[in-house]
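The values are calculated or read from the model by the stated rules, or taken from the named source; none is laboratory data. Because the structure is predicted, anything quoted here is derived from the model rather than measured. Cβ sites come from the backbone with ideal geometry, for glycine too, and all protein chains shown count toward neighbours.
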Amino acid sequence: MRIDENQVLKVSKLARLELSQEDKMEFSTQLNDIIEYVEKINELPTDSVSPADHIVDLKNVVREDAVGKSLGFDEIELNAPSFENSHFVVPKIIE
């Protein structure tokens, strides 16, 4: 697959970029070099390699759920700026 200046121009218009003629030539050359390098992977014997969705084994890193002691209303009330009838009092934001 070769990328020419017309394809670079099309993408630059979609991205709303203004490119000079020099930039278009440079980008098409650079993109072609990248594609050539990536195409080298096709030369590797990958018949015996199974596809992988992740190269590192993932493990769940969260802690186990455990029942613990909850705070009582008295302790919560001490930490709340405004507490009334077992509820937090907040400023009204909807009229």
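Taking the stated definitions as given, is LYS10 on the phi < 0 side of the Ramachandran plot, modelled with pLDDT under 90 and among the charged types (D, E, K, R)?
For LYS10, the condition - on the phi < 0 side of the Ramachandran plot, modelled with pLDDT under 90 and among the charged types (D, E, K, R) - is not met.
Quick check on LEU71: is it of a type in the set (A, V, I, L, M, F, W, C) and at pLDDT 85 or above?
Considered against the rule, which asks whether it is of a type in the set (A, V, I, L, M, F, W, C) and at pLDDT 85 or above, LEU71 comes out as yes.
Before we move on, is PRO51 closer than 30 Å to MET1 by Cβ, modelled with pLDDT under 85, out of contact with any helix residue (DSSP H, G or I) (no Cβ under 8 Å at 6 or more places or on another chain) and assigned to a loop (DSSP other than H, G, I, E, B)?
Yes: the conditions hold for PRO51.
Does ILE41 qualify as being touching a Leu at 6+ places or on another chain (Cβ under 8 Å) and modelled with pLDDT under 90?
Values: touching a Leu at 6+ places or on another chain (Cβ under 8 Å): no; modelled with pLDDT under 90: yes.
Judged against the criteria, ILE41 is not a match.
Taking segment 54-83 on its own, how many of its residues are loosely packed, with under 10 Cβ neighbours inside 10 Å, over 31 Å from the mean Cα position of the chain (by Cα) and assigned to a loop (DSSP other than H, G, I, E, B)?
7
Within the set of pairs 6 or more residues apart or between chains, which connect a residue that is surrounded by 14 or more Cβ atoms within 10 Å (Cβ to Cβ) inside segment 11-36 to a residue that is part of a loop (DSSP other than H, G, I, E, B) with Cβ atoms less than 7 Å apart?
Correct list of pairs: SER12/LEU19; SER28/ILE3; SER28/ASP4; LEU31/ILE3; ASN32/ARG2; ASN32/ILE3.
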